[in-house]
Amino acid sequence: MDSKVRVRFAPSPTGGLHIGGVRTVLFNYLFAKHHQGDFILRIEDTDQSRFVPGAEQYILDTLNWCGLTPNESPAHGGAYGPYRQSERKAIYQDYAKKLIQEGHAYYAFDTAQALEEKRKEIPNFQYSRAHRMEMKNSISLSEKEVAELLDQQIPYVIRIKIPDAEQVQFVDMIRGEVSFDASTVDDKVLLKADGMPTYHLAVVVDDYLMKITHAFRGEEWLPSAPVHILLWKYLFGLDKMPQWAHLPLILKPEGNGKLSKRDGERLGFPVFAMDWQDPKTQEKTIGFRERGFLPEAFVNLLAMMGWNNGTEQEIFTLDALITQFSIDRVHKAGAKFDYEKAKWFNQQWIQKTDNELLAPLVKPYLDAANIEVHEWAYLVKVIGAVKERCHLLPDFVSQSAFYFKAPEGIDTASIQSKWNSDKQDFFTALSNEYEKFAQVAEFPKDTLNLENHFKQLATDRPIKLGELLLAFRIMLVGGKFGPGVFDIVEAIELKDAAQRIRTCLSLLSTN
Ligand code: GLU
């Protein structure tokens, strides 16, 4: 690349961040870092009516959680600030005026009411070549009339004058050559009556001023591209324009249409990166973070929605993604969202993550379930024992509660069906031995020895070892799950194991 790569993520702060948005961040970030470039976060808050307090902080927190730190942003600063468009208001006026002077834009004085009437009168009304002469603007009015209206400070907007017959073309890094017939595009507002630019003007001016070299954004912005290309041509020259890539959508699990927040609610999975509460409606939307996803897994699964390295490999660290990412390998087609697969990624990452690092992440879930952890080293050990069975961080609660306290709601029915006096005798003997050995320092309490001891005690009794082991497991953990039984005995220790056996024996009857 000739100049330093500079990419941007340019969200409007209107609410929580959809996973499609985070994937846009990720692909921008990976591309920038792969080319030793900069990743910029720019807040596009020019539409004050859609502004939601807290949304900018949420975006920053999400990037921080994912480890996708911007080089420049409203929070990090940088040489091309301010990074909030509302703070750049004065910058855009001159560009809008320049477009007017050069005949590429015009003043439009139509009132909201006049526009409303026009919309009623003409179905699918578009403010464009077909109707602009019927409206009140600096093309339809005389120079004198326009001068008077401006003099009287009649409110106006500035609209782009879309050319009559022009094919607007550009090369998209994912889609190849894209071409639009300009006559299908309406004369978009560039500057509003309050002096704020619209997104169309601001995005082009800022991409230019911030020296953006590549602009990757969601496919939903493709219809706006012709307006942006024309503005680039009129204001700065197409040779200065960033290279575009419109990223494929993340689709509903059924594959028809863009994955929406409502799909998550309907099917019971998160669609936002983190929990979000709308400050106006108080409506809550769940997030991947609070559902117990690790950020490494979240980033990994997003990368695989639309990209691969050409092999079957699916697990990547962020560093590996940076090294291997190439926009050529981003697919054109949308990627279906699969929550089971998302959980699989998380399970893989739980296995990969050190138990010491998982402990502080698991602890809050245990706290919330009123499970007391007395010793950190014990927690770390327990995590190692059960992690294989955990897809999400809250799974550690159900998978490990019995390590910290005797199980509640024991599945005695599963023991009872095959219970008899031989088993009753065996477990009575076992609990007595455990009580006794608990006092004896020399008794080796390791897994292997405990197993041998158990088998020894079972020898010569007319009972199947498998049945004994299953009953024992249920006594210790409450159900038919968990790691090796003797590992559990070793962890909870003999005295506790003896107590759990006794509790269970008192619940079982031999008749
Ligand atoms: N402000 C747009 C958004 O909310 C940015 C689109 C673009 O990247 O050009 O996503």
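Among the residues in the stretch 299-311, are any open to solvent by 60 Å² or more (accessible area, probe 1.4 Å), touching a residue at least 60 places away in the same chain (Cβ under 8 Å) and in a loop (DSSP other than H, G, I, E, B)?
Checked against the condition, which is being open to solvent by 60 Å² or more (accessible area, probe 1.4 Å), touching a residue at least 60 places away in the same chain (Cβ under 8 Å) and in a loop (DSSP other than H, G, I, E, B), the stretch 299-311 yields no hits at all.
Just to verify a result, which residue in the stretch 48-59, among those that are part of a loop (DSSP other than H, G, I, E, B) and more than 14 Å from the ligand (Cβ to nearest atom), is most open to solvent (accessible area, probe 1.4 Å)?
P53
Regarding S86, is this residue in a loop (DSSP other than H, G, I, E, B) and surrounded by 14 or more Cβ atoms within 10 Å (Cβ to Cβ)?
No: the conditions fail for S86.
I'm trying to understand the selection: among the residues of the stretch 104-140, which are aliphatic (A, V, I, L, M) and free of Cβ contacts under 8 Å to residues at least 24 places away in the same chain?
Once the filter is applied, which keeps residues that are aliphatic (A, V, I, L, M) and free of Cβ contacts under 8 Å to residues at least 24 places away in the same chain, the stretch 104-140 yields A112, A114, L115, I122, A130, M133.
Take the residues of the stretch 1-11 that are part of a loop (DSSP other than H, G, I, E, B) and within 11 Å of the ligand (Cβ to nearest atom): which is farthest from P270 (Cα to Cα)?
Restricting to residues being part of a loop (DSSP other than H, G, I, E, B) and within 11 Å of the ligand (Cβ to nearest atom), the top hit is A10.
Taking the stretch 198-253 as the search range and keeping residues that are in a loop (DSSP other than H, G, I, E, B) and of a type in the set (K, R), which one is surrounded by the fewest Cβ atoms within 10 Å (Cβ to Cβ)?
In this case the residue turns out to be K211.
Residues that are exposed (fewer than 15 other Cβ atoms within 10 Å of the Cβ) and not aromatic (F, W, Y), at least 3 per element: which strands (runs of 3 or more DSSP E) completely within the stretch 137-196 meet that?
Because the criterion is at least 3 residues that are exposed (fewer than 15 other Cβ atoms within 10 Å of the Cβ) and not aromatic (F, W, Y), the strands (runs of 3 or more DSSP E) in the stretch 137-196 that meet it are 167-172, 176-181.
Pick from the stretch 398-418 the residues that are open to solvent by less than 30 Å² (accessible area, probe 1.4 Å) and either β-branched (V, I, T) or in contact with a helix residue (DSSP H, G or I) (Cβ under 7 Å, 6 or more places away or on another chain) (or both): which of them is nearest to L366 (Cα to Cα)?
This residue is S400.
For the stretch 459-475, which positions are free of Cβ contacts under 8 Å to residues at least 60 places away in the same chain and surrounded by 20 or more Cβ atoms within 10 Å (Cβ to Cβ)?
Passing the criteria: L468, A471, F472, R473.
May I ask you to verify whether S73 is open to solvent by less than 10 Å² (accessible area, probe 1.4 Å), within 16 Å of the ligand (Cβ to nearest atom) and free of Cβ contacts under 8 Å to residues at least 40 places away in the same chain?
yes
Does any residue of the stretch 476-484 turn out to be part of a helix (DSSP H, G or I) and without any contact (Cβ under 8 Å) to a residue 60 or more places away in the chain?
no
Here are Q416, Q439: which of them is free of Cβ contacts under 8 Å to residues at least 40 places away in the same chain and at negative phi?
Selected residue: Q439, the only one of Q416, Q439 that is free of Cβ contacts under 8 Å to residues at least 40 places away in the same chain and at negative phi.
Only one of A215, A193, A245 is in contact with a strand residue (DSSP E or B) (Cβ under 6 Å, 6 or more places away or on another chain), of a type in the set (A, V, I, L, M) and away from the ligand (no atom under 12 Å from the Cβ); which?
Matching residue, one of A215, A193, A245: A193.
Scan the stretch 262-284 for residues that are in a loop (DSSP other than H, G, I, E, B), surrounded by 14 or more Cβ atoms within 10 Å (Cβ to Cβ) and among the acidic types (D, E) and report the count.
2
Taking V178 as the residue in question, decide whether it is modelled with pLDDT of 95 or more, within 13 Å of the ligand (Cβ to nearest atom) and not aromatic (F, W, Y).
For V178, the condition - modelled with pLDDT of 95 or more, within 13 Å of the ligand (Cβ to nearest atom) and not aromatic (F, W, Y) - is not met.
Can you tell me how many residues within the stretch 12-47 are within 11 Å of the ligand (Cβ to nearest atom), within 14 Å of the chain's Cα centre (by Cα) and either surrounded by 24 or more Cβ atoms within 10 Å (Cβ to Cβ) or of a type outside the set (G, A, S) (or both)?
Residues in the stretch 12-47 being within 11 Å of the ligand (Cβ to nearest atom), within 14 Å of the chain's Cα centre (by Cα) and either surrounded by 24 or more Cβ atoms within 10 Å (Cβ to Cβ) or of a type outside the set (G, A, S) (or both): 5 in total.
Take the stretch 419-432 and flag every residue that is crowded, with 16+ Cβ neighbours inside 10 Å, touching a residue at least 60 places away in the same chain (Cβ under 8 Å) and in a helix (DSSP H, G or I).
Matches in the stretch 419-432: F427, L430, S431.
Considering each of R129, R159 in turn, give the residue that is within 14 Å of D186 (Cβ to Cβ) and in contact with a strand residue (DSSP E or B) (Cβ under 7 Å, 6 or more places away or on another chain).
R159
The values are calculated or read from the model by the stated rules, or taken from the named source; none is laboratory data. All values reported here derive from a predicted model rather than from experimental measurement. Note that we place each Cβ from the backbone using ideal geometry, even for glycine, and neighbour counts take in every protein chain shown. Please note that ligands, DNA and RNA were not included when accessible areas were found on the heavy atoms of the full protein model with its side chains. Shrake-Rupley method; radii C 1.70, N 1.55, O 1.52, S 1.80 Å.
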